[in-house]
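Trainee: Submitted below is the structure of interest, expressed as C-alpha cells.
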Amino acid sequence: LIEDDSIFSFNKQKKIRTMNQLIPLTRIETQWLQNVLKHPFAYCFLEKGEIEKLQAFLPADNLFDVNDVNLVAQAFDMKGHYEQNNYLEHLIMINMAISNNIYLNISGINQFGKQKEYKEFAPAYIEYSKKDNRFRIRGCSKNGKCDTINLERIKHITKSDVNFNVEYVTQNVLSDDKNKEKHLVIFFDDSENIPNRILSEFSCYRKECIRWGDGTYRMLLYYNKDDSKEIVIRLLGYGSLISVD
C-alpha cells in the first residue's frame, strides 16, 4: 500500500493508496491472479493471511475459474490427492528445509510399491513433472547418492537438527545430472504447428533446434535417463508427425 504522503495523486486530489489505483490490472491479469490464489498449491508458498489480503485487493469480478475445470483425461484426481496424505504439509516442510539447509528423514513408497527410507536426505530443489502433474524433489544423501522423490509417494517426513553444505549438495546433483544425461535427435516439419507445440512441450529441457532444409527442423533434446519413459510417452503423442533418431 502507498502511504498518505505519497507523491502520487489523482486529478481531483484523491490520494493513491493501492498499487491497483496507480497501475490498474487488466481483466486477464485479474483472472490469472485469482486462479493462482485459489489453487491449493498457493498455500505451499504463501500464508493464509497473505492469500486473503491479495484476494481482497483484487476486484470481485465474476471471472472464469480454471480450477473448476474437470480434466477427465488426467491420470490422477489432483484435487483429491493434495487434500490427503499431508501433501501440502510435506511441500511446506521441504521448502523450509531447502531455505534453511536442513536434512530430512523421508519415508514413502517407490514406483514398485515397496517401502523406501531416505535417511538424512538433503533437498536441493523442487521441480515440476508435467507427465503426472506433480512436484518432485531432487537432492542427495550424506554419502553423496542423488535421488528424485515424487511427492505423491511420500508418507512421512521429519526434519533433522543437522544442516547440510549447500555447495556439496549442489555439486553432487549437477554431477549426477551430467552422468545421467542422454539425448535424442528429433526431426519435424511445419505441419500442424509442430514447431511451437514441441518446443513448448519440452520447454523445461535443454535443447538445440535448427532449421534443417526446406520446412524441416532438427532438434537435439537432452534429458536425464531417469526420465526416459516420460520422454518416450510424450513423443509418442506426436505419432508420425515426427521422426526420432
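Trainee: Determine if segment 97-114 includes at least one residue that is open to solvent by less than 90 Å² (accessible area, probe 1.4 Å), part of a loop (DSSP other than H, G, I, E, B) and either of a type in the set (Phe, Trp, Tyr) or without any contact (Cβ under 8 Å) to a residue 24 or more places away in the chain (or both).
Mentor: Looking for residues that are open to solvent by less than 90 Å² (accessible area, probe 1.4 Å), part of a loop (DSSP other than H, G, I, E, B) and either of a type in the set (Phe, Trp, Tyr) or without any contact (Cβ under 8 Å) to a residue 24 or more places away in the chain (or both), one finds at least one in segment 97-114, hence yes.
Trainee: With Leu151, Leu184, Leu174 as the choices, which residue is out of contact with any strand residue (DSSP E or B) (no Cβ under 8 Å at 6 or more places or on another chain) and under 27 Å from Asn110 (Cβ atoms)?
Mentor: Within the list Leu151, Leu184, Leu174, the selection yields Leu174.
Yes/no per residue for (1) in a helix (DSSP H, G or I); (2) surrounded by 15 or more Cβ atoms within 10 Å (Cβ to Cβ); (3) at pLDDT below 80:
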{"position": "Glu3", "(1), (2), (3)": "no, no, yes"}
{"position": "Ser6", "(1), (2), (3)": "no, no, yes"}
{"position": "Lys12", "(1), (2), (3)": "no, no, yes"}
{"position": "Leu25", "(1), (2), (3)": "no, yes, yes"}
{"position": "Glu29", "(1), (2), (3)": "yes, no, no"}
{"position": "Asn35", "(1), (2), (3)": "yes, yes, no"}
{"position": "Ile51", "(1), (2), (3)": "yes, yes, no"}
{"position": "Pro59", "(1), (2), (3)": "no, no, yes"}
{"position": "Asn62", "(1), (2), (3)": "no, no, yes"}
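The values are calculated or read from the model by the stated rules, or taken from the named source; none is laboratory data. This is a predicted model, so every value here is computed, not measured. Neighbour counts are summed over all protein chains in view; Cβ atoms, including those assigned to glycine, are modelled from backbone coordinates with ideal geometry. All accessible areas refer to the heavy atoms of the entire protein, side chains included, with ligands and DNA or RNA removed. Shrake-Rupley method; radii C 1.70, N 1.55, O 1.52, S 1.80 Å.
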